[in-house]
Each structure stands twice: as structure tokens, then as C-alpha cells.
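Q: Okay, here's the structure, questions in a sec.
The values are calculated or read from the model by the stated rules, or taken from the named source; none is laboratory data. No experiment lies behind these values; they were computed from the predicted model shown. Here the Cβ positions follow ideal geometry from the backbone for every residue, glycine too, while neighbour counts run over all protein chains shown. Please note that ligands, DNA and RNA were not included when accessible areas were found on the heavy atoms of the full protein model with its side chains. Shrake-Rupley method; radii C 1.70, N 1.55, O 1.52, S 1.80 Å.
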Amino acid sequence: MNYNRDQAWKVLLQHVKSEVLLKHCLAVEIAMRAYAAKFGEEVEYWGAVGLLHDVDFEKYPDDHPNHAREILTAAGYDSQFATDVEAHARDWQQERTRLQGTLLAVDELTGFIIACALVRPDKSLDNLEVKSVMKKFKDKAFARAVNRETISTSAEALQVDLKEHIEFVTQALAAAVKMPQYQELPLVG
Ligand SMILES: [Fe+2]
């Protein structure tokens, strides 16, 4: 099976048209690739899981991610890959692997970090400080749709300190937005 980025992106584009959702998938991909490198895991595989984790969301918003398997299987992905995507369901009953736990831990956090960057005067991730993100994290009125508890408990399950987690993902996003593959659909702006 080929888990490369071009293939995953092609599959995603067949199923997702919303730019907002595509940007979210790209942000999650970036965080997954960064954590894979940090953990010494397979970067392409983790990145593809991140990129495709919401592949069924646009068509089945009320029954997501229960249709991911059929879409991914039809696209040639194997059963383990589909399971890794399915495991970010909030009510997933089994113990999550490190990859699956990471996916959950970065899913909502990436959007939160980008929301923090967007309210900065320079609308940039470059000078976004972790302490400012932490402050907004505690401010329930800011980006209220983001579930803080999912972020906190998933970071805990991954045995990463919340502050370090936020810092790591912020840096990963800030570095990636300068890469050519993220220019077409800018994450911030
Ligand atoms: Fe997501």
C-alpha cells in the first residue's frame, strides 16, 4: 500500500470540497508528521492518517467517522489504516495506540492554535507565544466551540505535558506554513 502524501491528498480532494475542512486536514497532517518524526515513527503513514482523518465528514457530518472505512477501502487503504482513522471517534471504546492517541490530541488543538494566531495583529503563527495560547485556553469565551477537555485529556493520555504539547504543535505549524506544499491553501489568512 502506498501511503504517500500525493495519493492521500488526491483521495481527500475527491471527498472534501470545503476549504475550511481541507485546511483543518492539512493542519492535522502537519502535527501528525511532526509527532511521527519526534517519536521515530513512519512520517508518511502518520501524515496520511492525519490528512484523511475527516475524509467522510463532509458527506456524513452526523455519522462521522463511521463512513471513513468504506471510503478508504474503496481508495485502496488497508484495514489498519481505516481503524487508525476511526479511532479518533470521541466515543472509541478500545485503548488507543500512540498514533491514534496523537490524532485525537492534535485534532482540535490545531484549530485552536490557528484561531489564536488569527486574532494576532500580524495574523501569523511566527510570534505566537505558548503563554498566550495557554491564556486563551483558559478563556472559555474564546473559540468556544473547541472542546478543551478533549485536548487536555488526550494530551494526558499521550503522557505529554499540555504546555509542551501546545508549544510543539505551534512550532510544527509555524514551520510548515512556509513549506511549498502548504502555500496553495494557506492555513492562516
Ligand atoms: Fe478533525
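Q: Compute, for the chain, the length of the dipole vector about the Cα centre, with Cβ point charges of +1 (Lys, Arg) and -1 (Asp, Glu) only. Units Debye, rounded to 20.
A: That gives the chain a dipole magnitude of about 720 debye.
Q: If you roll a 1.4 angstrom probe over the protein chains with everything in place, what fraction of the accessible area of the chain belongs to carbon and sulfur, to the nearest %?
A: 51 percent
Q: What's the extension gain from Glu164 to Gln80 if we count 0.36 nm per residue and subtract their Cα-Cα distance?
A: 27.3 nm
Q: Taking every alpha carbon pair in region 1-97, what does the distance histogram look like in 10 angstrom bins from 0, in percent?
A: Binned Cα distances yield the sequence 17, 53, 29, 2.
Q: Could you sort out which of Lys23/Lys178; Lys138/Lys163; Lys38/Lys138; Lys38/Lys123; Lys10/Lys59 sit more than 19 Å apart by Cα distance in this structure?
A: Lys38/Lys138; Lys38/Lys123
Q: Calculated from DSSP H runs of 4 or more alone, at -39500 (n - 2.57) each and per residue, what is the 222 nm mean residue ellipticity of the chain, nearest 500?
A: Computed ellipticity for the chain at 222 nm equals -18500 deg cm²/dmol.
Q: With a probe of 1.4 Å, find how much accessible area region 1-127 has per residue, and write the answer as a whole number in Å².
A: That works out to 45 Å² per residue.
Q: Grab the eigenvalues of the alpha-carbon gyration tensor for region 63-157, scale each by 5, take roots, and send me the semi-axes largest first in whole angstrom.
A: 30, 15, 12
Q: I need the per residue convex hull volume for the chain, using only the alpha carbons, in cubic angstrom as a whole number.
A: 115 Å³
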